[in-house]
Amino acid sequence: MPTMTTEPSVWRDAWVVSAKDLRIEMRSRVVMNQVLPFGLLVLVLFALALGPGRQTLIGAAPGLFWVAVLFSSVLAVQRSFSLESSDGARDGLRLAGLDPAGVFLGKAGAVAAQLGALEVVLGAGVVVLYGADVRSLLGLVAACLVATVGLAAAGTIYGALAAGLRVRETLLPFLLLPVVAPVLLAGTRAWQAALGSPPGAAGGASTGGGDPWMGVLVVFALVYVSLGVLLYGYLEEAA
Amino acid sequence: MVPAVHLRSAIALTGRFPALAGADLVVERGEVVVVEGPNGAGKTTLLRLCAGLMAPGGGKASVLGFDLFKDRGEVRRRVGMLGHASFLYDDMSVTENMRFFARAARLPAGEVEAAGERLGLVGRVGRTMVGRLSAGQRRRVALAVLVARRPELWLLDEPHASLDAATRQLLGILVSEAARAGAAVLIASHEPEASLPLADRLVGMSGGRVVSERLLSAHHDDGAVSAHHDDGAVSVA
């Protein structure tokens, strides 16, 4: 009595999981109605804290954008795994016969899609609220794309790690934020180059151009996507 | 043919507590076994272990010929479980949930629709968000997913809970059909009366161990008999 008609396919399974998560988000709109306003609120509060000086805001814009993205990504990952915690859905997903690497890529893909949408709005918020000038739209978009892949992959790994624990809501930020610090650093530097922000304005260090920092983002994304594909099955078993 | 379930001195830990403390059990293919016992006897842990949802902590344990220490992923693809939880997503409709699990299990498109029709999950109910369903309706959806998958081992935890009389009757028919088709069925219940008419054997659990076994007269003429395998496991099939 076979229960399968074909061999497992990682990409097919990733699509099935990703479509499921995005369908649920379209219905519940938790990320759009709660996480996105939270990210915008972070931008507004930082603007209030830094005062009305335009140069200060422009200098700080890249760093504040990535801080808002990082905080929002924690919430997006928490939401992604809270879907699996209601009514035993996590066990249902494990029993569904999906390839663990496909589940990882699917969940990370859905988180990345939601983060991408958030970044578009938060990026517009930076331009409007802080009056930042965009010198290289391609540089901004490229940094966002690569950083989003890395953030979603790392978030999905640590989300799975925390998923089985009672203290997952408080543990996840504690685990994830230090790990994604390279994204904050490299994303900020890449954006400083693309926005033409004054050197040292956001953190005291010279920007030194965006390319080396793009390399950091690419390596970060590759490492965490590879780790997730290889280890997600073990994480599911251990959680 | 290897047994559907073969446990010998199987241990399963929840935290540090041995919820299964050396359980011995053999379930043959095509057999329906009811596991009874008080709360905390280890019935649900037994089912979760057999589903590949938890790793054994000791002893020997295999399901459908796959070692539970190494091949739990293979086991999970081949078993179906109806647990206390429905495993469904509240923000998707009944039909969307069934289609998701059908796609995940690579089932032919018509398989899940047929199961849904059989469980009365078509029309308005099919379009309803699972979060708005009653406990009994959720259980019917979970049962439809299980039926569509046609698993080789059915693991049913208190399957009659929350079900109305008609669905209980249908559950009995589905279990009988599955057993006739060669699937093994393991039913856990602390009130086994509803399941006994379906069962070939009644197994008693207490303190994480199998403490009694009884063949049921409706299916066998010899009453209470237990057979002990050379390796220490107990079987009557």
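Every number here is computed from the coordinates shown, using simple stated rules; none is lab data. All values derive from a computational prediction rather than experimental measurement. Note: ideal-geometry Cβ built from the backbone for every residue, glycine included; neighbour counts use all protein chains shown.
Given the options B:215, A:187, A:161, identify the residue whose Cα lies farthest towards the positive end of the charge dipole of the protein assembly as shown (+1 on Cβ of Lys, Arg; -1 on Cβ of Asp, Glu).
Checking the options against the dipole of the protein assembly as shown, the answer is A:187.
Which net charge results when you count Lys and Arg as +1 and Asp and Glu as -1 among the other residues whose beta-carbon is under 11 Å from that of residue A:93?
With Lys, Arg at +1 and Asp, Glu at -1, the net is 0.
Could you point to the residue in B:82, B:1, A:80 farthest towards the positive end of the protein assembly as shown's charge dipole, with +1 and -1 charges on the Cβ of Lys/Arg and Asp/Glu respectively?
A:80
Where both partners of a DSSP beta bridge lie in chain B, what percent of those bridges are antiparallel, to the nearest 5?
Given both bridge residues lie in chain B, the antiparallel proportion sits at roughly 55 percent.
With the contact rule set at Cα under 8 Å and sequence spacing of 6 or more, what percent relative contact order holds for chain A?
Reported as a whole number, the value is 28 percent.
Calculate the translational D of segment A:10-238 in whole µm² s⁻¹ from Stokes-Einstein, where the hydrodynamic radius comes from the Kirkwood formula applied to all Cα pairs, the temperature is 4 °C and the viscosity 1.567 mPa s.
It diffuses with D of about 73 µm²/s by this estimate.
With charges only on Cβ, +1 for K and R and -1 for D and E, what is the dipole size of chain A about its Cα centre, in debye, rounded to 20?
Roughly 440 debye for chain A.
Order of A:133, A:87, B:67, A:13 from fewest to most other C-beta atoms within 10 Å?
A:133, B:67, A:87, A:13
Quick one, can you get me the convex hull of the C-alpha atoms of segment B:5-235 expressed as volume per residue in Å³?
Cα-based convex hull of segment B:5-235, divided per residue, equals 120 Å³.
Report, for the protein assembly as shown, the % of DSSP beta bridges that are antiparallel, rounded to 5.
55 percent
Report, in cubic angstrom per residue, the convex hull volume of the C-alpha atoms of segment A:77-200.
Each residue corresponds to 114 Å³ of Cα convex hull volume.
Largest first, please: the extent of the C-alpha atoms of the protein assembly as shown along each principal axis, to the nearest Å.
Reported extents, whole Å, longest axis first: 91, 48, 37.
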